1. In region 10-22, how many are open to solvent by 60 Å² or more (accessible area, probe 1.4 Å) and of a type in the set (A, V, I, L, M, F, W, C)?
2. Kindly indicate whether ILE30 is more than 23 Å from VAL76 (Cα to Cα), of a type outside the set (Ser, Thr, Tyr) and part of a helix (DSSP H, G or I).
3. Please pick out the residue among ILE30, ILE46 that is in contact with an Asp or Glu (Cβ under 8 Å, 6 or more places away or on another chain), under 23 Å from GLU4 (Cα atoms) and β-branched (Val, Ile, Thr).
4. If you go through region 73-89, how many residues are part of a loop (DSSP other than H, G, I, E, B) and among the aliphatic types (A, V, I, L, M)?
5. Of the conditions (1) among the charged types (D, E, K, R); (2) open to solvent by 80 Å² or more (accessible area, probe 1.4 Å); (3) over 15 Å from the mean Cα position of the chain (by Cα), ASP78 fails just one. Which one is it?
6. Looking at region 90-118 only, could you name the residues that are assigned to a helix (DSSP H, G or I) and among the polar types (S, T, N, Q)?
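The values are calculated or read from the model by the stated rules, or taken from the named source; none is laboratory data. Nothing here was measured: the structure is a model prediction, and the numbers come from that model. Don't worry about glycine lacking a Cβ; one is built from the backbone with ideal geometry, like all the others, and counts go over all protein chains shown. The area values use the complete protein model at the heavy-atom level, side chains included, leaving out ligands, DNA and RNA. Shrake-Rupley method; radii C 1.70, N 1.55, O 1.52, S 1.80 Å.
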Amino acid sequence: RYYEQGYLAASERILAGLVQIDQGLTPSRIALGVVKLESGKPEEAIQVFRSAAKSPRRSEEVFAGKLGLVASFLFVGDSERAASLVREIQTDFERGPAQPLPLRTLWEAFALRCRVTA
(Lines give C-alpha, C1' and ligand atoms only; values in the text may rest on other atoms or scores of the structure.)
Protein backbone atom coordinates (compact mmCIF):
# COMPACT_ATOMS: atom_id res chain seq x y z
CA ARG A 1 0.00 0.00 0.00
CA TYR A 2 2.82 2.43 0.78
CA TYR A 3 4.35 1.69 -2.61
CA GLU A 4 1.11 2.47 -4.42
CA GLN A 5 0.97 5.82 -2.64
CA GLY A 6 4.56 6.65 -3.61
CA TYR A 7 6.15 6.17 -0.19
CA LEU A 8 9.25 4.40 -1.43
CA ALA A 9 11.34 4.73 1.75
CA ALA A 10 8.59 3.20 3.90
CA SER A 11 8.02 0.48 1.29
CA GLU A 12 11.72 -0.30 1.25
CA ARG A 13 11.86 -0.69 5.05
CA ILE A 14 8.84 -2.98 5.14
CA LEU A 15 10.03 -5.12 2.24
CA ALA A 16 13.54 -5.40 3.70
CA GLY A 17 11.96 -6.75 6.88
CA LEU A 18 9.91 -9.26 4.92
CA VAL A 19 12.98 -10.44 3.04
CA GLN A 20 14.68 -11.10 6.39
CA ILE A 21 11.92 -13.46 7.56
CA ASP A 22 10.24 -14.97 4.50
CA GLN A 23 12.99 -17.45 3.54
CA GLY A 24 12.28 -16.93 -0.16
CA LEU A 25 8.65 -17.97 0.07
CA THR A 26 7.13 -14.69 -1.14
CA PRO A 27 7.87 -12.25 -3.97
CA SER A 28 9.13 -9.68 -1.44
CA ARG A 29 12.68 -9.71 -2.86
CA ILE A 30 11.37 -8.82 -6.30
CA ALA A 31 9.28 -6.02 -4.86
CA LEU A 32 12.27 -4.75 -2.85
CA GLY A 33 14.41 -4.73 -5.99
CA VAL A 34 11.77 -2.74 -7.86
CA VAL A 35 11.54 -0.20 -5.04
CA LYS A 36 15.31 0.18 -4.91
CA LEU A 37 15.48 0.65 -8.67
CA GLU A 38 12.70 3.24 -8.60
CA SER A 39 14.47 4.99 -5.72
CA GLY A 40 17.56 5.44 -7.89
CA LYS A 41 19.61 2.74 -6.15
CA PRO A 42 20.48 0.46 -9.08
CA GLU A 43 23.50 -1.19 -7.44
CA GLU A 44 21.39 -2.18 -4.43
CA ALA A 45 18.64 -3.36 -6.78
CA ILE A 46 21.16 -5.53 -8.62
CA GLN A 47 22.15 -7.21 -5.33
CA VAL A 48 18.52 -7.91 -4.44
CA PHE A 49 17.64 -9.23 -7.91
CA ARG A 50 20.74 -11.46 -7.90
CA SER A 51 19.58 -12.94 -4.62
CA ALA A 52 16.12 -13.56 -6.07
CA ALA A 53 17.60 -15.13 -9.20
CA LYS A 54 19.26 -17.75 -7.01
CA SER A 55 16.06 -18.74 -5.21
CA PRO A 56 16.02 -22.49 -4.62
CA ARG A 57 12.32 -22.44 -3.73
CA ARG A 58 10.48 -20.61 -6.51
CA SER A 59 11.35 -20.92 -10.21
CA GLU A 60 9.08 -17.94 -10.88
CA GLU A 61 11.26 -15.81 -8.60
CA VAL A 62 14.39 -16.94 -10.45
CA PHE A 63 12.96 -15.64 -13.73
CA ALA A 64 11.63 -12.45 -12.14
CA GLY A 65 15.02 -11.86 -10.51
CA LYS A 66 16.80 -12.23 -13.82
CA LEU A 67 14.32 -9.87 -15.48
CA GLY A 68 14.93 -7.40 -12.67
CA LEU A 69 18.64 -7.66 -13.38
CA VAL A 70 17.99 -6.88 -17.04
CA ALA A 71 16.04 -3.77 -16.00
CA SER A 72 18.83 -2.74 -13.63
CA PHE A 73 21.54 -3.20 -16.25
CA LEU A 74 19.52 -1.11 -18.70
CA PHE A 75 19.03 1.52 -15.98
CA VAL A 76 22.80 1.90 -15.54
CA GLY A 77 23.41 1.82 -19.30
CA ASP A 78 25.00 -1.63 -19.50
CA SER A 79 23.06 -2.87 -22.52
CA GLU A 80 25.66 -5.55 -23.30
CA ARG A 81 25.12 -7.32 -19.95
CA ALA A 82 21.36 -6.84 -20.32
CA ALA A 83 21.36 -8.44 -23.78
CA SER A 84 23.49 -11.34 -22.58
CA LEU A 85 21.07 -12.00 -19.75
CA VAL A 86 18.08 -11.75 -22.10
CA ARG A 87 19.66 -14.54 -24.18
CA GLU A 88 20.24 -16.62 -21.05
CA ILE A 89 16.60 -16.17 -20.02
CA GLN A 90 15.50 -17.27 -23.49
CA THR A 91 17.38 -20.53 -23.00
CA ASP A 92 15.85 -20.89 -19.54
CA PHE A 93 12.37 -20.46 -21.00
CA GLU A 94 13.06 -23.13 -23.61
CA ARG A 95 14.47 -25.66 -21.12
CA GLY A 96 12.58 -24.97 -17.91
CA PRO A 97 9.02 -25.13 -16.67
CA ALA A 98 6.39 -22.87 -18.20
CA GLN A 99 6.39 -19.41 -16.68
CA PRO A 100 3.46 -17.03 -16.20
CA LEU A 101 2.55 -14.94 -19.22
CA PRO A 102 3.48 -11.59 -17.58
CA LEU A 103 7.09 -12.79 -17.15
CA ARG A 104 7.21 -13.98 -20.74
CA THR A 105 5.73 -10.69 -21.97
CA LEU A 106 8.28 -8.69 -19.97
CA TRP A 107 11.09 -10.82 -21.38
CA GLU A 108 9.81 -10.17 -24.92
CA ALA A 109 9.83 -6.41 -24.25
CA PHE A 110 13.42 -6.60 -22.97
CA ALA A 111 14.42 -8.73 -25.97
CA LEU A 112 13.09 -6.01 -28.27
CA ARG A 113 14.83 -3.29 -26.27
CA CYS A 114 18.13 -5.22 -26.35
CA ARG A 115 17.66 -6.17 -30.02
CA VAL A 116 17.77 -9.87 -29.21
CA THR A 117 15.77 -11.98 -31.65
CA ALA A 118 13.65 -14.76 -30.26
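1. Number satisfying all stated conditions: 3.
2. Judged against the criteria, ILE30 is not a match.
3. Exactly one residue qualifies, and that residue is ILE30.
4. The total comes to 1.
5. (2)
6. Within region 90-118, GLN90, THR91, THR105 meet the criteria.
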